[in-house]
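Okay, structure first, notes after.
The values are calculated or read from the model by the stated rules, or taken from the named source; none is laboratory data. If you're wondering where the values come from, they're calculated on a predicted model, not measured in any experiment. Here the Cβ is made from the backbone with ideal geometry for all residues, glycine too, and neighbour counts use every protein chain on show.
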Ligand code: SRM
Ligand SMILES: Cc1cc2nc3c(=O)[nH]c(=O)nc-3n(C[C@H](O)[C@H](O)[C@H](O)COP(=O)(O)OP(=O)(O)OC[C@H]3O[C@@H](n4cnc5c(N)ncnc54)[C@H](O)[C@@H]3O)c2cc1C
Ligand SMILES: Cc1cc2nc3c(=O)[nH]c(=O)nc-3n(C[C@H](O)[C@H](O)[C@H](O)COP(=O)(O)O)c2cc1C
Ligand code: SF4
């Protein structure tokens, strides 16, 4: 890769610098009544406040004919380190979703929730309502540290609570210093004449691009820890948290036809102990960001992620720069082993005797539909006040921290609204599937994803049954474009949209998220996808080694797979 | 008539003043005499009382004439005001009064009564004249000492041409009044005819030939009144619903291409005679057991029954008058109420097909509907656009649709439609360099779109400010992308929007006007023109109230003075309304 010219600055750089601490023209733009949209500079700035400008893509043509502008609205994403809500917060979220958005509560692949369809005039009331419930959307988008994810399920380890707690601690450390969010949306009074506040971490330029942190607890890799810019792998010995391996440079996006872009898993730089306090650990995290801030490429946003920085500096180069800044050396990485990447569906008990029910939520869309009234069930559970709400990185939800004595009551609600039924009856492949949002809201979607994958799976189920593979926990993921929001590059079967109704087929990723998949076919339509996979399942069912996963089989036999 | 002392005073006055001053004084006094209150002069603005008189005649010969007008859109009022001035110039005393202000106990005392009244709706009196009209028909007053004449305003495109005026004339006669002249029915171009009518009235009243009144002679027949309607054909090329799904409105943008160049001005309207709905016609034919292919005479022509019912006669919401006639025809008791023809036939059936034919011969022709033209001659040459909201109403709990609007909004592309041009002289664009404040919620936007597009195409220099409102921003912002374009390019200097149902409290255009009061006054005080268009009730009333408030508050005027200020703007052609 060529060394980029560092004098080059993408247009977003200018917008950030001139924004007076992410304020810019947000206030007048939100007030302007002639349009439901906001100008481009404001689009970029409100991202830092947790919002994306979108429009209903299903309605573009019709509205143009009606001389109406696009049906603009905002998607608001909550900052929820580790993805936990109290019952009261759930009730608030439920009402806010109903009053200000489409009503669907959408669990994301990064353990938080999004509301779609918030019209401009509703943005401020929505954020104020969230604030009343002690929730915010600060820095869930934009060139800044995003929502920090952490292994979701407390049964992962008796140390789960301690490790999971770092999500919040890290998130807080990496928050921007500007008060813009509070001033603009929550009517906090401006402090004196000062127009922007010192921010030693982000300065006025913020990061060159988004930055993601995930915390994993081996042996389950439910957070896909290596797909993050910064992956933190908990090292536990003798039931004690010793420290973390630090992995840098994960990122899954590519651009069709742009050879310079590629998905990449994070490289483990080394280990930091937390046995004698976590100052060094926190410092290391902080400085991973400052290295990216100072060395990340700002000329082309497609080449600005940490994964390109680290490939430019080299893994050793990045580590050296990091150590220069922290003032201490990383220890050599500790061995760790992932064996699975899954959600613990159904009821599970942790070491303290508390109960957790993980429900299957297809593509993270919490709503009431013909299959189950998940939204109503969760609302009633929240009303009991007897369960916490935890999101998983696979777009599912766990109602948890339930006392033994309350379990029956919670279970009855889950049964009554068909949530248990849905979870129990979903096929193995369906329960291990992820699809990104794509149409009708994602402006970057080339093809359907969450609206289509369920149908495709229904067509794949009989094919799997034909080869006796119905119980195989194959990980299939679909994204509407190669940005990889549904982490399709890190799946055993990845389907990546190329144009409406067409997908590239990627296979051969491993089940545990430590090897990316490989593209084997371009722009398939549904029939071609089914044919390809029928062939793959057939040869897998006869040719697999003992215990070999589909991903491993496909990877081993890749050269035999016909490439179209 | 005057005591000697008073006469001396007047003589003194006459000696002290120049001829010009005397003329002014006489006008002033006449004004005082007929309005009880002088029009206030307004600070900083040159709205002094205007000089109206140029001939002083001997008071002794003067007659007192009561000039009563009934108006909906202001034509009758304008005609009456013009006439009142002339009467004064002629040396007679005149009492100008609007029908809704008229004291009924004055009626038997009237010696000379002139009535100028228009016809509205489906042959109905203007709302403001309804009480007067009812009183006239209910009273037992004897008008034996009253000489009267009626000038009926109307439009020959309506089947009940000048009906109200005709009825008022008949009723005054029935009460014993003496006709000075037969009732004069005027079409939309009434100015010259009204002028002539007044000359004739004055001549008859004073039994003397009227001397030429003004130095500049009226130019009679300089431009012969455009008799009859200007009909033209359009072919539908687009007919789309501008409201998005989820809206409670259905507002169509209908584009026609015109075969021939049509000479219209922004602000003009198009008249359409809708057809009845196929289904209703078939239901009627079935009830009457006729095929519809039989011929029948109607007025002076003969038609196939189907064609007559489909295209010619009104079968909906028949007037009480018609229902009564039908009751007589079929010899049944029917309550005094409006009814659909189909319901009449269903509930009070005809005996046989002869009676059915007699019944349809009673029916009135379908009344034309007017729609403001929303295209601009300069911007959309060869085309004509209408903006039509489907009228809905509940009948026996069921949702029904207005005939004309439903018909238009369901016209398939390629249909050829005959229309006529309805000029709206009082509602045209101001001179190019004048600022324009446009207030047009709902389909009131139609002619304003024409205004803006025209000013855009011509590159005029006056500033433009649009107030628009509807129910919901997302679904009901009519012509949103066009308005955004005009805002961006600067044709629209300001756009103020009110979406009534996007928040808990209702917000309408007049609320936005209140919020912008200071700047609104600034525009008005700097000579801006004001155009209001759309629903008469309650919109135009509420908007006018707020306008008066704004003028009063920011122009530092009493409520009365502000009202008079607005009236003056109206007189000066700076404040005009196109409301329905
Ligand atoms: C909601 C979510 C997918 C889902 O169905 O759950 C999502 C949805 C969107 N992503 Fe993503 N991304 C989501 C996880 C991811 C992930 C997976 C992850 O982080 O584990 C990735 C791949 C990992 C990575 O970052 O490389 C991802 C890589 C992207 C990219 C590519 C970034 C790049 O490096 O080029 C974009 C496009 C961009 O930023 O320009 C993007 C952009 C978008 C946007 C905001 C489109 C846009 O920029 O306007 C999508 C909004 C769609 C909608 O209507 O909601 N999203 N996005 C996930 C929200 C996570 C969260 O809570 O923060
Ligand atoms: C100068 C001018 C300009 C105009 N410009 C526009 C314009 O730009 N756009 C626009 O949309 N409109 C405009 N209008 C209004 C338009 O002319 C019509 O009045 C309107 O479309 C309703 O007519 P319609 O034939 O659809 O309804 P009609 O059939 O005439 O019904 C009107 C009402 O009569 C009653 N009614 C009718 N039938 C029955 C029945 N069978 N039983 C009981 N009650 C009944 C109902 O209350 C109904 O709402 C304008 C009017 C004027 C005077
Ligand atoms: C909605 C509407 C209905 C009308 N109906 C009739 C009618 O039935 N007969 C008629 O002669 N004129 C009818 N007219 C025409 C008016 O009488 C004519 O425009 C007149 O000049 C209005 O005078 P005004 O402004 O004093 O009310 C109608 C006009 C409108 C706008
Ligand atoms: S992967 Fe592409 S289509 Fe899917 S949500 Fe992300 S950006 Fe949109």
Quick one: residue A:59 ticks every box in (1) away from every other protein chain (no Cβ under 12 Å); (2) assigned to a helix (DSSP H, G or I); (3) out of contact with any helix residue (DSSP H, G or I) (no Cβ under 9 Å at 6 or more places or on another chain) bar one, so which box is it?
(1)
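When you check residue A:88 against the structure, is it more than 14 Å from chain B (Cβ to nearest Cβ) and in contact with a helix residue (DSSP H, G or I) (Cβ under 7 Å, 6 or more places away or on another chain), yes or no? Walk me through it before giving the result.
Details: more than 14 Å from chain B (Cβ to nearest Cβ): yes; in contact with a helix residue (DSSP H, G or I) (Cβ under 7 Å, 6 or more places away or on another chain): no.
No, not satisfied.
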State yes or no: is residue B:406 within 13 Å of ligand 2 (Cβ to nearest atom) and free of Cβ contacts under 8 Å to residues at least 40 places away in the same chain?
no
Among the residues of region A:98-128, count how many are closer than 15 Å to residue A:77 by Cβ and assigned to a helix (DSSP H, G or I).
4
In region A:368-420, which residues are within 28 Å of residue A:158 (Cβ to Cβ) and part of a strand (DSSP E or B)?
A:388, A:389, A:390, A:391, A:397, A:398, A:399, A:400, A:401, A:402
Being at positive phi, at pLDDT 95 or above, away from ligand 3 (no atom under 16 Å from the Cβ) and touching a strand residue (DSSP E or B) at 6+ places or on another chain (Cβ under 7 Å) narrows A:270, A:277 down to just A:270
Any residue at all in region A:472-480 that's away from every other protein chain (no Cβ under 14 Å) and near ligand 1 (Cβ under 9 Å from one of its atoms)?
yes
Tell me which residues, restricted to region A:429-447, are more than 8 Å from ligand 1 (Cβ to nearest atom) and in a strand (DSSP E or B).
A:433
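Among A:12, A:46, A:42, A:104, which is the only one that is more than 23 Å from residue A:183 (Cα to Cα), buried (at least 16 other Cβ atoms within 10 Å of the Cβ), away from every other protein chain (no Cβ under 14 Å) and more than 16 Å from ligand 3 (Cβ to nearest atom)?
A:104
Taking the condition under 24 Å from residue B:440 (Cα atoms), more than 8 Å from ligand 2 (Cβ to nearest atom) and buried (at least 19 other Cβ atoms within 10 Å of the Cβ), does residue B:381 pass?
The answer is no for residue B:381.
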Per the list (1) within 13 Å of chain B (Cβ to nearest Cβ); (2) surrounded by fewer than 18 Cβ atoms within 10 Å (Cβ to Cβ); (3) touching a helix residue (DSSP H, G or I) at 6+ places or on another chain (Cβ under 8 Å), residue check on residue A:34 breaks on (2)
If a residue must be in contact with a helix residue (DSSP H, G or I) (Cβ under 9 Å, 6 or more places away or on another chain), farther than 20 Å from residue A:498 by Cβ and outside any helix (DSSP H, G or I), how many such residues does region A:519-548 contain?
3
Scope region A:129-141; condition surrounded by fewer than 24 Cβ atoms within 10 Å (Cβ to Cβ) and part of a helix (DSSP H, G or I); matching residues:
A:129, A:131, A:132
Yes or no: region A:292-301 includes at least one residue that is within 20 Å of the chain's Cα centre (by Cα) and surrounded by fewer than 20 Cβ atoms within 10 Å (Cβ to Cβ).
yes
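Residues checked against (1) away from chain A (no Cβ under 14 Å); (2) modelled with pLDDT under 95; (3) out of contact with any helix residue (DSSP H, G or I) (no Cβ under 6 Å at 6 or more places or on another chain):
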site: B:203; (1), (2), (3): yes, yes, yes
site: B:206; (1), (2), (3): yes, yes, yes
site: B:220; (1), (2), (3): yes, yes, yes
site: B:224; (1), (2), (3): yes, yes, yes
site: B:230; (1), (2), (3): yes, yes, yes
site: B:237; (1), (2), (3): no, no, yes
site: B:250; (1), (2), (3): no, no, yes
site: B:253; (1), (2), (3): no, no, yes
site: B:269; (1), (2), (3): yes, no, yes
Is region B:110-129 home to any residue that is away from ligand 3 (no atom under 16 Å from the Cβ), surrounded by fewer than 20 Cβ atoms within 10 Å (Cβ to Cβ) and over 29 Å from residue B:299 (Cα atoms)?
yes
Can you pull out the residues in region B:249-273 that are within 14 Å of ligand 3 (Cβ to nearest atom) and over 23 Å from residue B:441 (Cα atoms)?
B:273
Within region A:221-265, residues being within 18 Å of residue A:434 (Cβ to Cβ) and assigned to a loop (DSSP other than H, G, I, E, B) number 11
For residue A:224, all conditions in the list (1) more than 29 Å from residue A:344 (Cα to Cα); (2) within 16 Å of ligand 4 (Cβ to nearest atom) hold save one; what is the number of the exception?
(1)
Specify which of the listed residues (A:163, A:144) is more than 16 Å from ligand 4 (Cβ to nearest atom), under 30 Å from residue A:300 (Cβ atoms), surrounded by fewer than 24 Cβ atoms within 10 Å (Cβ to Cβ) and in contact (Cβ under 8 Å) with a residue 24 or more places away in the chain.
A:144
